[in-house]
Every structure is written in structure tokens, then in C-alpha cells.
1. Give me the percent of DSSP beta bridges within segment A:1-141 that run antiparallel, rounded to the nearest 5.
2. Can you tell me the accessible area per residue over the protein assembly as shown, all protein chains present, probe 1.4 angstrom, in square angstrom?
3. To the nearest 10 degrees, how steeply does helix B:125-135 sit against the main Cα axis of chain B, on a 0 to 90 scale?
4. Residue-wise, which Karplus ³J(HN,Hα) couplings in Hz belong to segment B:98-111, taking 6.51 cos²θ - 1.76 cosθ + 1.60, θ = phi - 60°, and x for glycine or proline?
5. Cα axis of helix B:23-35 to longest principal axis of chain B: angle in degrees, 0 to 90, nearest 10?
6. Given label points at 7 Å from Cα along Cα→Cβ, what nm distances, shortest first, separate B:E184 from the same residue in every other copy?
7. Checking buried surface per residue: for segment A:23-44, which residues lose a minimum of 40 Å² accessible area in the protein assembly relative to the chain alone (1.4 Å probe)?
8. So, in Å, what gap is there between the alpha-carbon centers of segment A:147-176 and segment B:64-119?
Number of protein chains: 2
Amino acid sequence: MNLPSKLIEDAVTEISRLPGIGKKTALRLALHLLKQHEAHTEALALSLTRMRQEIKYCKTCHTISDDEECSICKSHKRDSTTICVVEDIRDVLAIENTNQYNGKYHVLGGVISPIQGIGPEELTIESLVSRISESAKNEPVKEIILALSATMEGDTTAFYLGKRLKETGVSISTIARGIPVGGELEFTDEVTLGRSIMTRINYSQE
Amino acid sequence: MNLPSKLIEDAVTEISRLPGIGKKTALRLALHLLKQHEAHTEALALSLTRMRQEIKYCKTCHTISDDEECSICKSHKRDSTTICVVEDIRDVLAIENTNQYNGKYHVLGGVISPIQGIGPEELTIESLVSRISESAKNEPVKEIILALSATMEGDTTAFYLGKRLKETGVSISTIARGIPVGGELEFTDEVTLGRSIMTRINYSQE
């Protein structure tokens, strides 16, 4: 794209660095900002800078928080013997929306991905290990639920966590993989369907 | 969405004001910025603020430009007797990419849209009228090509321009509407196909 202005070209280059936004969309967004009042752009720029500079993470579960400890970690109503391990804060929000979980969380900050250069030491895995051993003094953690994406990176991370957490002696489980609720059997891919047969639930034992 | 941090909530609100970006995408973008180096966010914020504050528009054709007059208006190689009227700079870029046009441009800055509260006085129509009458002293403008979108707003604007420019006496044309090159006849909608029959091109006269 041959833009006639260095200013707009810089803005387009910066916007198009965001994931999922190409040059064309970036130009559309830049032109939109130019049509709006100047205060709009300033509010956007300020909120981004402030967020990046002043953001804090909960010292216990590493989720994004305005305080030193997040509201879920602080809450006494939540079961602290169960920890659900997730990739990032979006997964916390998704699980909270289900209203099916009353334990605590641990945010890894990503998943192991050799292609993107993310190894176990980039994630908050050691913090999880020490969190489990610390808990032994008070209320010991009984179960770790791995709620990671069903991708290769998610599975690799789950495998690594399974090995790393073996020494702690806590029970480790992973969320079920199978056909989605409302999903039709004939349109489910064979890997998912195969997995859902392998990990079938025995009703007679319940 | 119930975000645990005011800082990220502000950022998500501001990002989701951009067209085509919802709350979920905004959160994805905000989390991406948090994972990147701080300098990345600062460069983005700075480029947006600078663009909005320092942008200039060409005094002749109103396109975005770093100088008082844009490179196309300044160029002596381009035919100044033909002016192509477009909605915004993206259309200038699109037409330039065709390599089929060697005239000048006039950027309206939008199209007439009563729903969005955009009337003729919000656009650079009067500037176009005075540009045509000014040109009479030097090289008179002979033709105005209306290259507007084939939408209701585009057609309304073209109709208004047609009436408004009648007094100037210049020839007014509009870009052809018809089936796209490579398009199959049977999949073309009936309005487009009907229009392409009405405005057919007579080869024997050429």
C-alpha cells in the first residue's frame, strides 16, 4: 500500500501489528479515528498506555487484577482445595460464566509452544508447584483441574504439568473432551468422536 | 463481560468503539498488548495520537497528505482537466492501483447519509464547485467522473452532485456498473444484471 502520508502510514503499520488485523483493516480503523473527534483517539491511546504501564497481576493466581490479590483468591466462599489451571484470563471469564465451578484458578500466562519460543519456564508453573506445597500448611490442595485448549500446545502443556505435579501427590484431572452439547454426531470429526467413546461415562456406576 | 481490572476494562471499552471490533476481540487485542513489550503499546499509542493531531489534508483535493498539496495535485504529468470524485482516500488508492486513470481526484470525505446525519454541507462539495470555476482561468476542467459506491448513499450523493454541478457546465460521468470481470452471469444478482443490460456498450460504434 502506497500511503500519501507518513503519519497515517506509521499508524497503519502499528495497528496492523495486532493479531488478526491486516493492512486494509488497519487503514479502515485509522480513517475511522480521523473522522471521529480528537478526544476519542486520545482516550484510546491513553487507556492503552495506562493499561500496559499500570497493570498488576494477582500474586497468587497470576490473573489480571487491580489489587495485589484478585477477588477470587481473596474470597472465602470459594473452595481453595481445588485449583483450575487455565491459559489466560479469557478462560477464567469463560469458566466463571458457566456458574459450574466454585474453586480457585491458576493462570499459566500461555501454553508451551516451541514454535513461538515459549518453554515451561516462561509460564507460572513453578509458582503453581510452590502454591500447592505452601497450601499443605493450611488447607491442602486436593485436586488440580487442567482446563487447557484441545490443541497440540494445550496437550503438551497438560502432559508436562502432569509429570511436573506428580511429586506433589495431588489428584490431577482434565476437562472432558467430546461432542459439544447440541452437536450432531454425524458432523463431529472422527478424533473427537473417538475420544468421546474412549472416555465414555458409565451411568450405571453413578 | 465482568473484567477483574478497571484498567483492562477501560482499554477494552475504548478498543471496542472501533468499527467491526466487539468486546471479545477487544479483550484479545488488549491481552496481546500485555504479552508484548511495553514499547510496542507505546509506539501504537503515540502513532495514533500523532496521526490524529498532526494530519493534514491537501488544500485542493482534500486527500490525506503530509504537505499542503498532495503529490497527485502537484504533479504536472497528470491531466488536470479530469477530476475523479471519490468518498475517501481508500478509493484513491484503489483507483491508483488500477493504473487506468491519469487525472486528478477530489475526496468528498464521506457520502450523503441522513441516517448517520451526514448532509451535503459536511462534504467538500462546495470546494469542488469553486475548484471547477477557479480552473476556468487556467486549464478548465472538462469532465467530472463520479466514482462512488453502488449503495443507496453513493447513489444519493451522485444524484445530488449531478444537480449541483449542472450550472458549471462540465461533462459528468459515472463509473460503469455491471457484472465484475471473471463473474459468471447466472450468479449475478438481477439488479446488477438489469443495469448491465440497460447500460450496454455498443461495439459497432467504437
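1. Of the beta bridges lying entirely in segment A:1-141, close to 40 percent run antiparallel.
2. For the protein assembly as shown, the per-residue accessible area is 59 Å².
3. Relative to chain B, helix B:125-135 is tipped by roughly 50 degrees.
4. Each residue's phi maps through the Karplus curve to give 6, 6, 10, 10, 10, x, 9, 10, 9, 8, 6, x, x, 10 Hz.
5. Result, in degrees: 60.
6. Here B:E184 shows inter-copy label distances of 2.5 nm.
7. For segment A:23-44, once contacts with the other chains are taken into account, A:R28, A:L29, A:L31, A:H32, A:L34, A:K35, A:E38, A:H40, A:T41, A:L44 lose 40 Å² or more.
8. Centre-to-centre (Cα) distance: 57 Å.
The values are calculated or read from the model by the stated rules, or taken from the named source; none is laboratory data. Quick caveat: nothing in here was measured; it's all calculated off a predicted structure. We place every Cβ from the backbone using ideal geometry, glycine too, and count neighbours over all the protein chains shown. For the accessible areas, the whole protein counts, side chains as well, though only heavy atoms, and no ligand, DNA or RNA atoms are used. Shrake-Rupley method; radii C 1.70, N 1.55, O 1.52, S 1.80 Å.
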